[in-house]
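Every read-out reported here was derived from the displayed coordinates using simple, explicitly stated rules and does not represent laboratory data. Keep in mind it's a predicted model, so treat the numbers as computed, not measured. Cβ: placed from backbone, ideal geometry, glycine included. Neighbour counts: every protein chain shown.
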Amino acid sequence: MERRKKRQHRQKQQQQQQSDDNIRHARSRKLSLSLDIVSRPSPSPSRVDGIRSLLSREIYSLHEHIAQSSHSVGSLAQVDRKFSDPEFLPTPESIARGDEGTGFLGAKYQGRVAGWLRPERIRWSSEDKQYPLALFNQPHPKDIIQGRLGNCWLIAALSLIAEVPQILYKVMITKRYNPAGLYRVRLCNQGIWQVVTVDDLLPVSTSNSLVFSRSKKKQLFAPLIEKALAKMHGSYMTLKSGRCDEGLQTLTGEPCEVLFLRSSDPEKKPDLNQIWTSILQSRTKGYLMTCPCSNKRFSEQTFSRMGLESDHAYSILDARQVNSQRLVRLRNPWGEKEWKGALNENWTKWPKALKNKLSTPSANDGVFWMPWEQMPSFFSSVTICKVNANWHEARKRGQFSDFSSTITSVYGLDCPYGAELEIEVFNAGDGNYYNRLKDPDVDLFLILLSSNGHCRAYKHDVDYYITLSTSVPPGRYTILAGSMSVVNYLVYPAFNLVVHGSQPFVVHDQPSSYELVADAFHAVALRANNRQDMGGGVSILTFDDNGNFGLVCENKSNRTVRLSSNFQGSKNVLSSRHAFQMVDTIPAKTQQLIAIFTRKMFSNDVQIAYQASGELLDPDHYIRARNNPPIPSQALGLHILRSTY
């Protein structure tokens with residue numbers, strides 16, 4: 001009897017331990033000062049929709065990167081010893097929720113799903129039946145197949161990191177197939193790491209086959225990662241479109257750089273030789289690379305004739321230069337449909353020496369070589385994800401303030417050894433939830449100031465994130481992050497700031513007075529070095545970046561100047577003064593940022609056209625500063641008068 005009680009006690013402990021293990025992761029003399037300038041149009045940037053063996057040491061440290069868990073694992077529902085996620089139910093709302101489900105696309109996606117099944121009951125292909133269920137089984141890029149969901153941006157990124165298991169394994173906190181059906185997935189959401197818990201109930205068709213992504217050899221990592229991302233954003237349908245850089249950021253948390261292969265402005269054609277050099281260097285460093293297939297000049301039929309899929313993301317697996325021949329090896333995440341132009345596998349003009357040096361595919365598996373010179377015709381950009389095992393990093397959350405009082409989005413940066421820096425700022429929506437399909441891209445800027453107030457680097461764009469890449473010597477710096485949305489729309493989005501550095505650094509909060517903003521943009525104007533001398537000690541300084549334009553009046557004379565500026569010929573921009581005609585009186589020995597114009601519609605070109613004229617005023621009568629129209633209160637820090645030096 002005593003032995004029976006002990007045995008029952010041990011069995012109860014073992015069951016409890018197994019259960020625990022399953023749940024553990026303006027009078028006087030006039031100066032004829034006039035300026036009449038019409039700038040060239042600034043084209044709208046194209047939407048953006050490799051890697052080999054890295055060092056085998058740990059690329060990430062879990063305690064450094066997991067900033068929060070997006071969902072707790074308390075109160076887990078257990079049904080027949082299988083975990084069922086109460087936060088992401090196997091219902092149509094998880095396929096397309098709310099108003100998503102009532103639209104045509106939502107109904108279409110919901111109609112594709114006949115039910116939800118566990119992996120043990122899913123119908124696998126005849127080639128996969130021989131394998132046991134596994135989370136990973138020697139994963140390879142060819143193993144990942146995109147399903148009936150327009151998320152090639154994610155699948156292309158996933159196939160890239162499958163080249164480096166050290167990265168792929170870090171996405172899955174759960175490392176093995178779990179019979180209890182509970183898995184934890186680690187994803188980077190707008191620059192902040194989150195852990196998402198999911199069950200293994202997966203959407204299937206009427207034939208009990210997986211509807212969305214799958215991985216060959218009965219591996220579960222692809223559909224589980226896809227499900228975790230669907231849960232993080234609310235539904236599978238929220239994943240239906242995206243950009244290559246977003247996919248890589250989500251899976252790696254690393255900084256991305258986008259290199260455009262084409263421009264609508266003939267005077268701003270990209271340097272394709274320099275881009276090619278960057279690609280080769282990135283290949284050597286083990287960076288991940290991908291590219292969207294897109295060109296509005298071509299029809300879908302043209303793409304199809306060449307074996308390409310338009311508006312589709314491809315992975316760059318390799319890049320080679322053999323003598324004068326430049327080649328890129330690409331992969332279609334569908335695992336099929338290949339390039340039919342020069343260098344395709346059936347091309348009869350392959351130079352023998354070249355073919356011997358390359359591993360040419362022999363099957364229709366979506367992998368192919370194509371000449372680099374033809375890439376710009378069919379692909380709009382190259383995205384480089386700078387995966388680096390030696391990065392030092394910092395991640396900060398915040399909320400943008402306007403420019404009427406203390407600025408909350410200012411940080412001190414101490415770099416005792418100097419460093420190569422990648423500074424990113426992400427729009428984080430309301431700070432609690434970011435809707436990747438509905439939350440609009442916002443105006444974002446980053447300014448890096450040295451300790452003497454000089455501008456080291458500046459970036460300004462309308463997007464869901466921006467990246468500022470620069471190198472700095474040892475010293476102390478100030479990072480100013482901001483958004484003109486607080487002035488233009490009275491919207492105060494939350495943001496996430498991410499800094500990667502090649503050497504150790506420290507980032508700390510540094511709330512600052514609103515005068516910092518005016519000083520910072522004047523430093524940006526000085527760095528741009530675009531000065532128009534109006535005579536009498538008065539100058540106009542301008543700066544621009546990605547269609548965003550600023551004008552500063554610098555009055556080093558001993559008299560007040562009245563400056564009249566007219567921007568009414570400008571197109572697709574918003575004014576920080578809420579006006580396009582302004583008259584400002586600027587006292588002696590002062591300077592003022594007259595206005596900043598930011599892109600209104602991302603998809604349309606920007607044109608800045610302005611006229612400026614000024615007159616020096618009687619110092620006995622005109623001393624005080626005046627602004628017409630008045631400066632909006634939320635923009636006071638932008639346009640406040642500052643002393644000249």
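Things to note:
- J(HN,Hα) series, region 348-357, from Karplus relation 6.51 cos²θ - 1.76 cosθ + 1.60, nearest Hz, glycine and proline x: 8, 9, 4, x, 4, 5, 5, 5, 5, 8
- A simple charge model with +1 on the Cβ of Lys and Arg, -1 on the Cβ of Asp and Glu and nothing else charged puts the dipole of region 271-385 at about 400 debye relative to its Cα centre.
- Placing a label point 7 Å from the Cα of HIS454 along the Cα-to-Cβ direction, the residues of region 503-531 whose backbone N falls under 18 Å of that point are 519-531.
- Around the amide H of VAL367, modelled in the peptide plane, lie the amide H atoms of ASN332, all under 5 Å away and 5 or more residues distant in sequence or on another chain.
- For PHE379, nonlocal amide neighbours, meaning residues 5 or more places apart or on other chains whose placed amide H falls under 5 Å from its own, are SER294.
- When the Cα gyration tensor is reduced to axis lengths a ≥ b ≥ c, the ratio a/c is 1.5 or higher for region 258-330, and with a/b not above b/c it is classed as oblate.
- On full extension, the segment bounded by ALA389 and SER263 gains 42.0 nm, given 0.36 nm per residue less the C-alpha separation.
- Stretchable slack from ASN323 to LEU272, in nm (0.36 nm times residue separation minus alpha-carbon distance): 16.6 nm
- Gyration tensor verdict on region 373-519 (Cα atoms; rounded if a/c is under 1.5, prolate if a/b is larger than b/c, oblate otherwise): oblate
- Global geometry of region 112-188, whether rounded, prolate or oblate, following the gyration tensor of its Cα atoms and the 1.5 cut on a/c: rounded
- Unsatisfied cross-links (Cα-Cα over 21 Å) in the set LYS459/LYS556; LYS82/LYS231; LYS142/LYS296: LYS459/LYS556; LYS142/LYS296
- Residue-span extension gain [ASN566 to ASP533] - 0.36 nm each, minus C-alpha spacing: 10.1 nm
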